[in-house]
Structure formats: C-alpha cells, structure tokens
C-alpha cells in the first residue's frame with residue numbers, strides 16, 4: 001500500500017477521534033445541564049401546571065409531588081398552604097363610603113388557599129402565583145367597598161365586627177370560589193368612623209347613660225313612695241282595728257282594764273300625780289303613796 005493512502009487513512013481516523021471527543025464532551029455538557037437545570041421539583045405542599053413552550057398546550061392534569069424534567073416543558077408551581085395577607089399577622093386599613101356617603105376606615109386581614117384540582121383553570125384564567133395574589137387582593141378591595149356601601153354608617157358601627165366581616169367574606173367567596181380559591185378566614189380588627197360621627201355616637205351613648213341613671217333615680221323615688229303608702233295603709237288599718245275594738249261594752253271594759261293597769265304602774269313609781277274621774281265630773285288629784 002502506498003504511503004499517501006496510509007496517510008489519508010490516518011488523517012481520517014484522527015478526524016473521527018476528534019469528532020468523537022467533541023461529541024462526548026457535548027453529551028456530557030448536555031447531561032450536566034439537564035441535571036442542573038432540566039428538572040422541576042414539586043414539593044408535597046405544592047402542585048404544578050405543565051405547559052409546552054413550543055405549541056403553548058397546557059396539560060389538563062395538575063402535577064403533585066415529584067421531580068419532572070423540563071425538556072420542552074415549562075412549569076408553574078402553586079402553593080397549597082394557606083396564604084395570609086398582609087403577612088406576619090399584620091392588617092391593612094381601607095377606606096370606603098357608606099350608603100349615606102360617610103367615609104369609614106376598616107382595618108382587616110384575610111387568609112385563603114387554592115384548590116389543587118383547580119390550578120389548571122387558575123393558570124388559564126388568572127395566571128401565576130403573583131397574578132392570583134393580585135386578583136384576590138383586588139377582589140378584597142371591591143368586596144369591602146360593596147359591603148360598606150350597603151349600610152348606613154350608624155348601622156355599621158352598631159353591628160358587631162363579625163357582621164360586616166362576614167358580609168365582606170361572603171362577597172369575596174362569590175367571586176373566588178368558582179375559580180378555585182377558597183377563603184379560610186377574614187378578620188375585621190377595627191372600624192374607624194369619621195370624627196363627626198364618632199363625637200355624635202359618644203354624645204348619644206352619654207345621653208343613654210344619663211337616661212338610664214335618671215330612670216334608676218325615678219325607680220328609687222317610686223319605691224320610696226310605695227313604702228310610705230304601705231306604711232300609711234298599715235297605720236290606717238291599725239287605727240281602724242283599734243277604733244273597732246274600742247266601741248261598745250267590750251271596748252269600755254278594755255279601756256277600764258287598761259286604766260287600772262296603768263294605775264298599778266304609776267303606784268310603783270314616786271312623785272307621780274294621778275287624775276281620777278269622779279261621778280260628779282270633778283277630777284280628783286292625788287299622789288300615790290303620799
């Protein structure tokens with residue numbers, strides 16, 4: 001075999017070897033990139049939606065906990081746990097107009113969670129986690145305005161906080177539940193009326209307390225009057241009984257017996273003067289023991 005042919009074969013082998021080394025390097029790089037960036041992790045407290053970035057098709061089935069590759073796939077993960085707003089136990093103050101056009105400030109907070117079976121619908125109609133959060137927040141603001149506008153300011157302040165809070169939560173649920181968002185709790189921590197209304201309410205409460213105090217005093221006076229009437233009735237009844245008992249022969253005998261009893265008591269004392277009636281009508285004065 002000639003030397004040029006041998007050299008051509010050697011060059012071709014070297015070329016293949018070089019190409020094989022490059023291909024192996026590219027393969028290793030692809031595997032490394034796949035391991036580092038080619039998977040989507042879904043934790044046990046999450047649920048994910050899969051979308052084909054080329055065709056735009058969305059898988060109708062939500063994906064639960066697991067590790068899924070991302071080759072020609074894009075993933076959107078959603079949290080299944082309760083989401084609190086504002087976070088860390090805080091609250092947000094919103095102003096709304098009542099039916100009588102007075103501004104009421106409501107300090108409130110809420111919690112919600114996503115229905116895992118509805119995340120695909122949420123992805124298609126609302127968007128990712130941030131979009132859903134904004135949607136819930138806007139629903140909350142609208143529900144506060146609508147709930148407050150249904151009532152007069154005095155009615156809102158006379159109700160318990162759970163009353164207006166329950167109405168706001170009801171309006172939010174009407175909008176959120178059909179989309180797969182469940183309201184778990186709604187808190188109304190404070191209702192702040194306008195200054196003029198607050199002063200009017202304080203004056204009203206003060207007047208009610210005054211009326212209650214005056215009513216109590218009236219009851220005391222009436223009770224005292226009833227007691228006096230009862231005492232007078234008792235004295236009257238006693239006098240009637242005494243007058244009845246002193247009439248007739250029996251009454252005269254009782255008086256004579258009482259007279260003799262008193263004479264005995266006087267006789268036991270000293271320096272006492274007794275006035276005794278006589279048949280001639282002239283009283284007889286004498287001192288017992290004298």
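If we scan the range 207-216, do we find a residue that is closer than 28 Å to residue 97 by Cβ and modelled with pLDDT of 70 or more?
Yes; the residues of the range 207-216 include at least one that is closer than 28 Å to residue 97 by Cβ and modelled with pLDDT of 70 or more.
Enumerate the pairs (first residue in the range 156-179 and closer than 19 Å to residue 101 by Cα; second residue anywhere and modelled with pLDDT under 90 and assigned to a loop (DSSP other than H, G, I, E, B)) with beta-carbon separation below 7 Å, excluding pairs fewer than 6 apart on the same chain, so at least 6 apart or on different chains.
Taking only residues 6 or more apart or on different chains, the pairs are 156/98; 157/193.
Which of the residues spanning the range 131-155 are at pLDDT below 95 and farther than 27 Å from residue 102 by Cβ?
Scanning the range 131-155 gives no hits.
Filter the range 97-128 down to residues that are farther than 20 Å from residue 146 by Cβ, touching a residue at least 24 places away in the same chain (Cβ under 8 Å) and in a loop (DSSP other than H, G, I, E, B), then give me how many there are.
3
Specify which of the listed residues (177, 188, 120) is in the same structural domain as residue 94 (by TED's automatic domain parsing), more than 22 Å from residue 89 (Cα to Cα) and surrounded by 14 or more Cβ atoms within 10 Å (Cβ to Cβ).
The match here is 120.
Is one or more of the residues making up the range 30-42 in a strand (DSSP E or B) and either over 50 Å from the mean Cα position of the chain (by Cα) or at pLDDT below 90 (or both)?
Yes, the range 30-42 contains a residue that is in a strand (DSSP E or B) and either over 50 Å from the mean Cα position of the chain (by Cα) or at pLDDT below 90 (or both).
The values are calculated or read from the model by the stated rules, or taken from the named source; none is laboratory data. These numbers were taken from a predicted model, which means no experiment stands behind them. A quick note on method: Cβ atoms are made from the backbone with ideal geometry, for glycine too, and the neighbour counts reach across all protein chains shown.
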